[in-house]
Amino acid sequence: MSKSKDNSDGKAAVISAKAGVKESIIDFLKKAMDKGVFDAVLIPMRVPAGDSFAYVLIKDKTLLKDGVPLSPIMSVQGAKAVSSVTRLGKGKMKIAAVMRPCEIRATIELSKLGQTDLENTTLISMDCPGVLPMSDFLIDPEKNIKIFNEAVQKWDDAIMRPVCQICDKSSMIAGDIHIGTLGAKKDTFFIISNSQKGNDVMDKLDIVLKDSIDSWQAKVKNITEEKHKKREKNLKDLKSKIGGLDNLLDTFSQCINCHNCMKACPICYCRLCYFDSDKVKHPSEDYLQRAEIKGSIRFLPDTTLFQMGRMMHMSLSCVSCGACEDACPMSIPVAQIFSMIADEIQGLFDYVSGRDLDEPVPLVAYKEEELHEVEDAND
Amino acid sequence: MTKALKINKSAEQGVIEFLKALLENGKVKGVFALKKISNDGAVAYSLITKPNELDNAVPFYPLMPVNAGKLLSRFTLKGSSIGPVAAVVKPCELRAFIELVKREQGSLENLFFISSTCGGVYPLKMSVNGTVEKNLTKYWDAVKKGEISADLRSACKGCTEFMPYTADVTFDLIGNNDPDKQCVVFLNTKKGEEFAKGMKGEFLKKELDRKKLDKFKSKREVEKKKLFDEIDAKMNGMDGLIDIFGRCIGCHGCMRVCPICYCKLCEFESPDSEYKPSNYESDLKKRGGVRVPPGTIYYQLGRLTHIGISCVGCGACDDVCPVDIPVSIIFKKVGESVQKMFDYIPGRDVDEDIPLITFEKEEFAEIEE
Amino acid sequence: MRIFLLLRLKKKNLLKLKNRDGNIKKEEEYMPKILAFLCNWCSYAGADLAGTSRLKYPPSILPIRVMCSSRVDPLFVLRAYLGGADGVLVAGCHPGDCHYEKGNYYTRRRFAMFKKIIEDVGLESDRLRLSWISASEGHRYAKVATEFTEKIKKLGKSSAKSEIFL
């Protein structure tokens, strides 16, 4: 995948979408399967009960028509799904994974972490308006699907998750192919190739990449700037709300240590998390000693240690997808908090998680001259 | 006749005084109870060593942030408690701990259990916006009248094991006519009597009012039947199961908060349960499409097979589920059904073997064909 | 001459369609796939005996040899059931005759529990069967295989075979 997050080479094609954007995308995938470009497609589908969506790896083309490229909720982070299919090797099938930009970025981070083999996988992203909060969606799934689809038409994010409302990377291209719906003329969308793999797919499907994406870029720039402003404001407010030891402890006081956030997070892939391991299991005398020093300790202690520890472990790769906040049973705004921290520490290294497969995670690389400001130099 | 102690204070105040006295007299090194831990009233279990820290303890608060059985197991996992500790726990939490002790995941030594006839807890969601605090009066009113609050955890509404089996001391909360002024504490064991010595109150010989508790039990039985029937109607065949568990996102939160699930590496997170590319390829040939990550029903039924025999019906699983699947009712129903087969009540007696590690030479002849 | 040859060819083709008993085969009958866990010392030997005695039973059984019926983890049976097996048979020594003394007693309890769970969640517990078959009971093995296959045929194909959202 090339570095640029906005493709200024104009390597795109305008695709007709008279039957509707969703239907045209499905059609594109079907044609690709017909021609043997892909053997299987990983795309969300509505579950039989109708009250949720799940990723399905589809080989039988007749199932494609029930695929939902932009589902109203993020039940399982797409990167987790891709990793589930390719963690133990690339397999024989050529797979197309249709996901949101943050899911693509998380997949790329997982690839850097050795948790997914992308050789036979083509990553297809699309402009993302956000997703509904899971708990809101579940109140009335049928109604909320309609409301979501209407919001997509208007690109209105008022009902989306708080962390989606402040996402300034909702049209970031990080995969092989990107479907650009913003700024496209009526009944069309852009299909943008971002890599050799993407170009090969277009070749095989006889799609000529000769169109300009100026209108898409302009619209994306517009939306991104607005979101960025909102992001700065919201995160500033958040910092004042949770900053400082007292506020931090209060924020996480309701945390029951269920570790749902860790499990839902695509970046947290450790089979045995440090915070579930023997390292945090102590004999009774240790706990009693701690209790004696303070007079009383929460039991089990170290909730803040878990939260901040997880922050330290994964924030460099955090894509602000918000899966953690959806999974939290105590409605702690973990996604917003982690997103805020992620911005700051990724900024330290001029790193954007998932931007480029060849860009190493900052902690496994170094420059001989850098970050002198944190050193205790005796000038 | 059991020895009992009548305290002229509300149960909450009475138990705090009891615990303070235990600490002050050096009878225990620490006390384990629910306590308000933040400025906005969040409640969590705490290990308390200084008597004045008990001032904002709320031992009988209608909330279960974590099943205390799991916490006691963690406390005694690396060896029994180094000194005597008194723990105020709910009946299901105590039973869960006993089940864990049977599995060598904890030790009873040096632990002293204070429990109560339990009126149930509220779902954790209600604590998020301070609703529990607002409902406290309503809650205690219902407990006093021996009624079931409408907004309790489903598992609590249908719970018929609200009487602790192995507590050293039991506060009788249900059907207490004057809950603000007095409460009766039953001293069930020698340890209980010993620890109550020197407490302020009237010592008497009294039996638990079985009639009152049976009446309450039958109300709970009615609720239980309602909940079980509701879930039964949905569990019809593979389609029914897929409908119920369709929303499951595989977060395994239910497994993590379950007191009985203690495995360091759960079978369903181990390499055994991981799909290799070849598994996907062969599954796709068979079915044409496969949900990713796979194995949702396998995980749910598999976990049911593993822990159903010891499920204490606490309902922690329900509260942690991000997609509101009624896990606790399913596990409670199937768990009880399996336990009945062996006349087993999990946590009733630490010397009672888990049914699957023992056998009778003649039994279940009807199973074999 | 040509017509004669053509007729001979036609007869040959017709012969191919007849099965061993000389009856014209109908369309492929549904043959269930039944996974059978057979303990090495008793039921596997019994199955072997059925074979060497040339006893007839339907080709529905897929045997898996285990050293003792108590090796059978309920999760094996669950995987088979959800994997689309039409039936699962667990067979071991008669109680009291287990090669390892007590194994089959545990099997009995585990199977009873697992069958109850399957029943309680609304699945077809009739697709599961536990049978005690000793090494000398070749006839019994053939009988169990035949009876169980009949029962499964009546139940039809397992719906788990085609499920996507398992």
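What follows is calculated from the coordinates using simple rules that are stated; it is not laboratory data. All figures in this text were calculated on a predicted structure; none of them were measured in a lab. As a convention, Cβ positions derive from the backbone with ideal geometry for all residues, glycine included, and neighbour counts pool all protein chains shown.
Of note:
- Between the listed residues A:58, A:17, A:69, the Cα displaced farthest toward the positive end of the dipole of segment A:1-159, a dipole computed from Cβ unit charges relative to the Cα centre, is found at A:58.
- What the phi angles of segment B:239-251 give under the Karplus curve with 6.51, -1.76 and 1.60, with θ = phi - 60°, is a coupling list of 4, x, 5, 5, 5, 5, 9, x, 7, 4, 9, x, 6 Hz, glycine and proline written as x.
- Positive contributions from Lys and Arg (+1) and negative ones from Asp and Glu (-1), summed over other residues with Cβ under 14 Å from the Cβ of residue B:225, come out at +2.
- Partner lysines for residue C:143 [C-alpha distance under 24 Å; skip if fewer than 8 residues away on the same chain]: C:33, C:56, C:115, C:151, C:153, C:154, C:157
- For residue A:281, the lysines whose Cα falls under 17 Å of its own Cα, not counting residues fewer than eight places away in the same chain, are B:70, B:78, B:264.
- Amide H contacts for residue B:292 (H built 1.01 Å from N in the peptide plane; partners 5 or more residues away or on another chain; cut-off under 5 Å): A:55, A:56, A:57.
- DSSP finds beta bridges in chain A, and of those with both partners inside it, around 60 percent are antiparallel.
- Length-normalised contact order of segment A:18-99 in % [C-alpha pairs under 8 Å, at least 6 apart]: 34 percent
- Sparse-neighbour loop sites [trypsin sites (Lys or Arg not before Pro); segment A:190-241; at most 16 other C-beta within 10 Å; DSSP]: A:210
- For segment B:290-356, a/c is not less than 1.5, where a ≥ b ≥ c are the root eigenvalues of the C-alpha gyration tensor, and a/b tops b/c. That puts it in the prolate class.
- On the beta carbon distance between residue B:276 and residue A:113, with R0 = 25 Å, the FRET formula returns roughly 0.80.
- Dipole of segment B:1-122, positive direction: furthest Cα of B:15, B:30, B:108, with charges on the beta-carbon: B:108
- Charged neighbours of residue B:175, selected by a Cβ distance under 9 Å, balance to +2 (K, R count +1; D, E count -1).
- Filter on A:80/B:35; B:3/C:116; A:31/A:230; A:112/A:227 - keep pairs with C-alpha separation over 32 Å: A:80/B:35; B:3/C:116; A:31/A:230
- Here A:178, B:306 are placed in order of increasing Cβ neighbour count within 10 Å, fewest first, which gives B:306, A:178.
- Taking the DSSP bridge list for the protein assembly as shown and keeping only pairs wholly inside it, about 55 percent are antiparallel.
- Among B:180, B:172, B:40, the largest mean-square fluctuation in a Gaussian network model of chain B, built with springs joining Cα atoms closer than 10 Å, belongs to B:40.
- Relative contact order of segment A:12-231, pairs being alpha-carbon contacts under 8 Å that are 6 or more residues apart, as %: 23 percent
- Taking segment B:224-367 and dividing mean pair separation by its residue count, relative contact order in percent (alpha carbons under 8 Å, at least six apart): 27 percent
- Under a model in which nothing but the beta-carbon of Lys, Arg (+1) and Asp, Glu (-1) is charged, the protein assembly as shown shows a dipole of about 3260 debye around its Cα centre.
- Loop-located trypsin sites (Lys or Arg not before Pro) in segment B:332-369, at most 16 other Cβ atoms within 10 Å (DSSP): B:348, B:361
- Only helices enter the 222 nm calculation for the protein assembly as shown: every DSSP H run of n ≥ 4 contributes -39,500 (n - 2.57), and dividing by all residues gives -12500 deg cm²/dmol, rounded to 500.
- Pairs spanning more than 23 Å between alpha-carbon atoms, out of B:125/B:332; B:27/B:190; B:20/B:211: B:20/B:211.
- Antiparallel bridges, percent of DSSP beta bridges restricted to chain B (to nearest 5): 65 percent
- Between the Cα long axis of helix A:303-314 and the first principal axis of chain A there is an angle of about 40°, rounded to the nearest 10.
- Applying both filters, DSSP loop and at most 11 other Cβ atoms within 10 Å, to the trypsin sites (Lys or Arg not before Pro) of segment A:133-192 gives A:185, A:186.
- Taking GluC sites (Glu not before Pro) as exposed when their DSSP state is a loop state and no more than 13 other Cβ atoms lie within 10 Å, the longest site-free interval of chain A runs over A:120-367.
- GNM top mover of B:317, B:261, B:159 - chain B, alpha-carbon springs below 10 Å: B:261
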